[in-house]
1. Do we have any residue at all in region 45-60 that's within 10 Å of the chain's Cα centre (by Cα), loosely packed, with under 11 Cβ neighbours inside 10 Å, outside any helix (DSSP H, G or I) and acidic (Asp, Glu)?
2. Can you name every residue in region 20-47 that is closer than 30 Å to Lys64 by Cβ and either of a type in the set (A, V, I, L, M) or in contact with a helix residue (DSSP H, G or I) (Cβ under 8 Å, 6 or more places away or on another chain) (or both)?
3. Quick one: in region 18-27, of everything that is within 15 Å of the chain's Cα centre (by Cα) and surrounded by 12 or more Cβ atoms within 10 Å (Cβ to Cβ), which residue is nearest to Arg63 (Cα to Cα)?
4. The conditions are (1) part of a helix (DSSP H, G or I); (2) surrounded by 10 or more Cβ atoms within 10 Å (Cβ to Cβ), and Glu38 fails exactly one of them. Which is it?
5. More than 15 Å from the chain's Cα centre (by Cα) and touching a residue at least 24 places away in the same chain (Cβ under 8 Å), is that true of Leu33?
6. Across region 1-10, what is the number of residues that are among the basic types (Lys, Arg), exposed (fewer than 11 other Cβ atoms within 10 Å of the Cβ) and part of a loop (DSSP other than H, G, I, E, B)?
7. How do the pairs read when you match residues in region 7-19 that are under 17 Å from His41 (Cα atoms) with residues anywhere that are exposed (fewer than 10 other Cβ atoms within 10 Å of the Cβ) and polar (S, T, N, Q), using Cβ under 9 Å and keeping only pairs 6 or more apart or on different chains?
Amino acid sequence: MPYINVRLTRKDITTEQKARIVREITATMQSVLGKRPESVHVVIDEIDPDNWGYAGELTSEHRKRQP
């Protein structure tokens, strides 16, 4: 039973995009490892940018400086 956890910062991710992520990850597990789709579990965690940091700063602060 493969379990795949995808963590993304929240920023305009649509339900359709999430569904595509799940489909494509499942298809990859099927084609690469021969896993049955019904055995693949994909969880998408959306993290608030205030709770994600890298390079010494919060993602929310970094995004404020982006065009």
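1. Yes - at least one qualifying residue is present in region 45-60.
2. Ile21, Val43, Ile44, Ile47
3. The qualifying residue nearest to Arg63 (Cα to Cα) is Lys18.
4. Only one criterion is unmet by Glu38, namely (2).
5. yes
6. Selection size over region 1-10: 0.
7. none
Where a number appears in this text, it was derived from the coordinates with a stated rule and is not lab data. On a predicted model such as this, the values are computed, not experimentally measured, just so you know. Every residue, glycine as well, gets a Cβ built from its backbone with ideal geometry; the counts of neighbours run over all protein chains shown.
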